[in-house]
Amino acid sequence: MRPNRTGYNVTSYTDIRINCRGNSGGEKFKVELVDTAGGTHAVNIIMAPGFEEGLKNTEYQEAVLPLALFTGVNLSSLKQVNIIFDQEPKTGTVYLDYIRFTDLSSPPPGTTGLVVDDFNDGTFVNNLGGGTGTIIPAGNSSGVMALDFEGGGTVNPNVKEGLGALKMDYN
């Protein structure tokens with residue numbers, strides 16, 4: 001999230017929100033938070049209300065994961081937000097857009113919360129000055145994941161809002 005790796009304090013927020021959609025519905029993934037000391041915790045998307053069976057369909061939905069679920073992570077020194085594909089189905093495509101930390105208040109007009117990335121600038125530098133990182137297959141996976149910017153200023157059904165979304169193919 002930050003290029004200097006000092007961590008970011010998200011203790012004033014209560015949740016992480018991600019606009020997401022699958023290519024066919026039923027896709028599942030985990031959101032992992034990592035602090036600067038190496039503390040990590042991953043929360044399955046099925047923990048978000050309305051996502052008990054994974055992504056419902058191919059329409060964008062907002063997943064809300066309370067930060068209280070991320071036990072063992074120092075939220076005053078957050079270093080990374082990872083997306084992990086380690087459960088069935090282990091192949092597919094998901095689109096993520098507008099990843100942000102919020103305090104669950106009614107959003108005023110415009111951007112609210114701490115926006116990690118809205119993918120509207122067409123680059124892989126996030127809004128906090130860091131990059132998208134490196135994709136490393138977990139465990140024995142011989143699969144490949146690819147990051148592709150979707151957008152380009154035209155109407156694109158894979159984009160929730162703005163110009164772009166993060167497309168993640170996995171297997």
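Laboratory data are not the source of any read-out in this text; all were calculated from the coordinates shown. Owing to the predicted nature of the structure, the values given are computational and were not obtained by experimental measurement. Every residue, glycine as well, gets a Cβ built from its backbone with ideal geometry; the counts of neighbours run over all protein chains shown.
Tell me, in nm to one decimal, what length is gained between T40 and Q87 on full extension, where the rule is 0.36 nm per residue of separation less the Cα-Cα distance?
15.1 nm
Taking the simple approach of a point 7 Å from Cα along Cα-to-Cβ for both Q61 and T11, what is their distance in nm?
Modelled inter-label distance: 3.4 nm.
What is the sum of charges around F29, taking Lys and Arg as +1, Asp and Glu as -1, for the other residues whose C-beta is under 11 Å from the C-beta of F29?
Net local charge, F29 excluded: 0.
Can you check what the net charge comes to around T102, using other residues whose Cβ is under 12 Å from the Cβ of T102 (Lys, Arg +1; Asp, Glu -1)?
Here the charged neighbours net out to -1.
Relative to the present Cα-Cα distance, how much length would full extension add between L104 and D169 at 0.36 nm per residue of separation?
Residue separation times 0.36 nm, minus the Cα-Cα distance, leaves 20.4 nm.
Taking the Cβ of D15 as the center, what net charge do the other residues with Cβ under 10 Å away carry, scoring Lys and Arg +1 and Asp and Glu -1?
So the environment of D15 carries a net charge of +1.
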